[in-house]
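The values are calculated or read from the model by the stated rules, or taken from the named source; none is laboratory data. These numbers were taken from a predicted model, which means no experiment stands behind them. With ideal geometry, Cβ positions are generated from the backbone for all residues, glycine too; neighbour counts draw on all protein chains shown.
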Amino acid sequence: MAPNTTTLRELTLRGVIIGGLITLVFTAANVYLGLKVGLTFATSIPAAVISMAVLRRFAGHNIRENNIVQTIASAAGTLSAIIFVLPGLVMVGYWTGFPFWVTMLVCSLGGILGVMYSIPLRRALVTGSDLPYPEGVAAAEVLRVGDDSDDGSAADHEANTQGLRVILIGALASAGYSLLAAMKGVASQVVGYFRLGGGGTMAGGSLSLALIGVGHLVGLKVGVAMLVGVVISFLVLLPIRSAGLIDATTNASGLSEIVSHTFSSEIRFIGVGTMAIAALWTLVKIAKPIVTGVASSLASSRERSAGHEVDVTERDIPFPVVLGVIAASMLPIGLLLWNFVRGTDIHDHAVGLVTLSVVFILLIGLIVASVCGYMAGLIGASNSPISSVGIIAVLSCALLIAAFTAGSGANGTSLVAYTLFTAAIVFGIATISNDNLQDLKTGQLVGATPWKQQVALIIGVLFGSIVIPPIMQLMLTGFGFQGMEGAGPDALAAPQAALMSSVATGIFSDSLNWNLIALGAAIGAALILIDETLTRTTTSYGLPPLAVGMGMYLPISLTVIIPVGAILGYFYNRWAQRQVNPESAQRMGTLAATGLIVGESLFGVVNAAIIAASGGASPLEIFTEGPVTNVLGVALFAVLIALVYRVTLKKASTSV
């Protein structure tokens, strides 16, 4: 269904301007919400919808130009995840604010490196991989059904019309439920705490129709793997680790507090250990495709230099340029790091620390980009546990710095701050590569020119880097952060940044519980053996260890609903295979799942604007939560799922 013509305009001035304007709004909203109420929203699909609505008013618009707009907005919105690290510098008392140029350079250099590292990975993890990329597929379907250009047959236009109706139905259902949940008329999630064995645990799920859509798109193998992670964490580890903390006198409130604290302070670190070993194994498995991708990129560059025609869908930014940008970026990064330690109590170690950090960023950046791109391919950029990668980066960076400065008497607070500053650049690489490969998957499906999309990604990074520092400073001035000196009652929690800071502090104070991470690593090793055994002895079964690790690390509200969507998608696709036109019927299911994601994403944008305008955490709240809202929520959630799939089945039956 991708356009066949190679003359469609893509990287246009109006597209850059529209993408930049969307970026300003989305990035500011994400930084604001992420720090104030712990809420962020995915920007790729809302950007695609808004782009279509705006560009269709201009003559000569097309699907690839729309793709560029959503790429710019998506890259910038994703970069706002830097708030997971940088506020830690204020929390530990090293910074008193966010200097614009320093913060902007940290964001832009890390983001540009993320783009560069993801270019050779495109061939390894997108064109040469069967990863599902749920959000990339969803964004492509949005662009396709909204394409009203003259290309394509009458049958294609009719199929797009039917597909648009399916998306609209799913979007109305998910947006409507999200609105009711924001009003507290129905529950947004249902979670219960109970005793199990000698300890306690929790069960439940987020009543998110978007997660049902994600589950449908990722498939049964990933869904089951995540469910295995849930079983390990919540039915085995959590009851064991909380045993002894709960007795006959523990009431319901105490039970929930103990279980929640045990999960956040212990189980998640076990999950980090599992994800770390699984990530390393994943890197080993994709090393050959990465090398092949680099070789293919070099071959393509040589062909183009020799004047040979290369298909537009295979034209990346030339690999020598990629290497040159990566190498050139090390100089300003080194200067940034030097400036950070200049005049401080660790200045005597400046040369060694800066050298160590530059090499760390250069090498770890590729590893982080590969792992994050793989995770995004598994379950999507929005649901990818990017904070776990941040923890791994902080851990590894802190260990190296601690080893380098051992016995020197260097100040612990200064070393913690320097670790966070270095990790922030690596985290910029992680956030962008986590999203970029998703965007490049969208581009592949709509026939985009990769190098133009990669330039758009860089433009998006630059736009986001300009917006992020003043918004962070505004939030610091207006509220402050919990844990910093002088923090008031309205101080922002910034929980991810607090976690990163505590991890780095634990390394330098030798208070981190390594037994938890080691246990997670052992579980990860066992999962690798099981997965390898299954994949070698069967043709259709596997247990991706990284997906299991995600199920262990992420909150149960996320990890239960995605498998539910995967099961629904499995049965729908089995039905589709029995239809006259299985491909068309299966696409209708994909479009329904896309609609579920679109509606909730768009509501997230609207809700962000309402929260920002009112300054309140729950401006839409007009009802009171209680047992009734839980019952109503579960019932309505099930009814809407049944309704969306029933309508989709009917549309698929009549269109094949």
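Number of residues in the range 608-656 that are modelled with pLDDT under 75, in contact with a helix residue (DSSP H, G or I) (Cβ under 6 Å, 6 or more places away or on another chain) and within 18 Å of Gln189 (Cβ to Cβ) equals 0. Do the conditions hold for Leu180, that is, is it closer than 18 Å to Gly633 by Cα and out of contact with any helix residue (DSSP H, G or I) (no Cβ under 6 Å at 6 or more places or on another chain)? Yes; evaluated as a whole, the condition is true for this residue.
What number of residues in the range 97-112 are buried (at least 24 other Cβ atoms within 10 Å of the Cβ) and touching a Ser or Thr at 6+ places or on another chain (Cβ under 6 Å)?
Total satisfying the criteria: 1.
For every residue, the table says whether it meets (1) assigned by TED's automatic domain parsing to the domain that holds Thr413; (2) within 25 Å of Gly215 (Cβ to Cβ); (3) over 20 Å from the mean Cα position of the chain (by Cα).
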{"position": "Ile82", "(1), (2), (3)": "yes, no, no"}
{"position": "Leu86", "(1), (2), (3)": "yes, no, no"}
{"position": "Gly93", "(1), (2), (3)": "yes, no, yes"}
{"position": "Phe100", "(1), (2), (3)": "yes, no, yes"}
{"position": "Leu109", "(1), (2), (3)": "yes, no, no"}
{"position": "Met116", "(1), (2), (3)": "yes, no, no"}
{"position": "Ile119", "(1), (2), (3)": "yes, no, no"}
{"position": "Leu125", "(1), (2), (3)": "yes, yes, no"}
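Scan the range 51-60 and give yes if some residue there is under 17 Å from Ala28 (Cα atoms) and surrounded by fewer than 22 Cβ atoms within 10 Å (Cβ to Cβ), otherwise no. Within the range 51-60, none of the residues are under 17 Å from Ala28 (Cα atoms) and surrounded by fewer than 22 Cβ atoms within 10 Å (Cβ to Cβ). Scoring Leu602 on the criteria (1) at pLDDT below 85; (2) crowded, with 18+ Cβ neighbours inside 10 Å; (3) in contact with a Leu (Cβ under 9 Å, 6 or more places away or on another chain) leaves a single failure, condition (3).
Taking Val224 as the residue in question, decide whether it is crowded, with 17+ Cβ neighbours inside 10 Å and either part of a helix (DSSP H, G or I) or in contact (Cβ under 8 Å) with a residue 24 or more places away in the chain (or both). Yes, satisfied. Residue selection: Thr71 fails the criterion of being at pLDDT below 80, crowded, with 24+ Cβ neighbours inside 10 Å and part of a helix (DSSP H, G or I).
What is the one condition in (1) free of Cβ contacts under 8 Å to residues at least 40 places away in the same chain; (2) within 18 Å of the chain's Cα centre (by Cα) that Met550 does not satisfy? Checking Met550 against (1) free of Cβ contacts under 8 Å to residues at least 40 places away in the same chain; (2) within 18 Å of the chain's Cα centre (by Cα), the one that fails is (1). Counting residues in the range 246-267 that are acidic (Asp, Glu) and more than 26 Å from the chain's Cα centre (by Cα) gives one or more. Do we have any residue at all in the range 429-442 that's surrounded by fewer than 24 Cβ atoms within 10 Å (Cβ to Cβ), in a helix (DSSP H, G or I) and not acidic (Asp, Glu)? No; the residues of the range 429-442 include none that is surrounded by fewer than 24 Cβ atoms within 10 Å (Cβ to Cβ), in a helix (DSSP H, G or I) and not acidic (Asp, Glu). Applying the condition of being touching a Ser or Thr at 6+ places or on another chain (Cβ under 9 Å) and aromatic (Phe, Trp, Tyr) to the range 521-572 and asking which residue is surrounded by the most Cβ atoms within 10 Å (Cβ to Cβ) yields Tyr553.
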